[in-house]
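Data first, discussion second: the structure below is written as structure tokens.
The values are calculated or read from the model by the stated rules, or taken from the named source; none is laboratory data. Worth saying up front: this structure is predicted, and the values here are computed from it rather than measured. Here the Cβ is made from the backbone with ideal geometry for all residues, glycine too, and neighbour counts use every protein chain on show.
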Amino acid sequence: MTTFTGGCVCGAIRYECDADPIMMFKCHCRDCQHVTGGAYAPVLLFPRKDVRITKGTLQRYSTESMAGGEHERGFCSRCGSRVSGGKSATAIGIVAGSLDDPSLFRPTMDIHVADAQPWDLLEPATTKFDRYPT
């Protein structure tokens with residue numbers, strides 16, 4: 001098991017997690033495209049109980065989720081760096097770019113490929129889902 005650590009660009013937010021990710025994926029939905037300014041959001045999904053904020057407090061912003069309810073994102077109120085997204089009662093997504101070692105991100109699937117942009121080159125080896133995984 002690897003300890004995952006990371007935080008925002010200015011250092012005001014820090015987190016750690018000793019659990020293995022439930023899954024790692026690239027989300028290509030329009031919502032993720034808007035908040036990242038890119039083609040997708042690279043996400044590691046962890047058990048919520050195992051992610052600890054060790055410094056600072058995340059600012060939160062929610063948008064409507066295609067699955068129903070809200071899609072809550074956590075970011076640093078000082079520098080604006082996005083740290084988390086997709087929080088549910090049992091899991092939380094951590095954005096790969098916020099990891100101290102982003103090379104630990106090894107996606108196995110692409111989700112919401114129905115919204116993928118034509119200029120986004122999808123990795124042929126990953127499993128693809130038009131929307132959410134089944």
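The single condition among (1) within 21 Å of K26 (Cβ to Cβ); (2) modelled with pLDDT of 95 or more that S88 does not meet is (2). Scanning the range 55-68 for residues that are in a loop (DSSP other than H, G, I, E, B), in contact with a strand residue (DSSP E or B) (Cβ under 9 Å, 6 or more places away or on another chain) and modelled with pLDDT under 85 turns up just one, S65.
Residues checked against (1) in a strand (DSSP E or B); (2) more than 20 Å from D115 (Cβ to Cβ):
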residue: G11; (1), (2): no, yes
residue: L44; (1), (2): yes, yes
residue: I53; (1), (2): yes, yes
residue: R73; (1), (2): yes, no
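With respect to the conditions (1) free of Cβ contacts under 8 Å to residues at least 40 places away in the same chain; (2) part of a helix (DSSP H, G or I); (3) closer than 18 Å to V35 by Cβ, G97 falls short on a single one, namely (1). Number of residues in the range 73-91 that are farther than 19 Å from A12 by Cβ and either of a type outside the set (A, V, I, L, M, F, W, C) or surrounded by 15 or more Cβ atoms within 10 Å (Cβ to Cβ) (or both): the value is 5. Enumerate the pairs (first residue in the range 24-43 and farther than 13 Å from A96 by Cα; second residue anywhere and at pLDDT 95 or above and of a type in the set (V, I, T)) with beta-carbon separation below 6 Å, excluding pairs fewer than 6 apart on the same chain, so at least 6 apart or on different chains. If the second residue must be at pLDDT 95 or above and of a type in the set (V, I, T), the pairs left are H28/V113. Here the condition is being crowded, with 18+ Cβ neighbours inside 10 Å, aromatic (F, W, Y) and more than 14 Å from I92 (Cβ to Cβ); of Y40, Y61, it holds for Y40 alone. Filtering the range 15-30 down to residues that are aliphatic (A, V, I, L, M) and part of a loop (DSSP other than H, G, I, E, B), which residue is nearest to the chain's Cα centre (by Cα)? Only one residue tops the list, namely I22. One residue is enough: does the range 47-62 have a residue meeting the conditions within 11 Å of the chain's Cα centre (by Cα) and either at positive phi or in contact (Cβ under 8 Å) with a residue 40 or more places away in the chain (or both)? Looking through the range 47-62, none of the residues is within 11 Å of the chain's Cα centre (by Cα) and either at positive phi or in contact (Cβ under 8 Å) with a residue 40 or more places away in the chain (or both).
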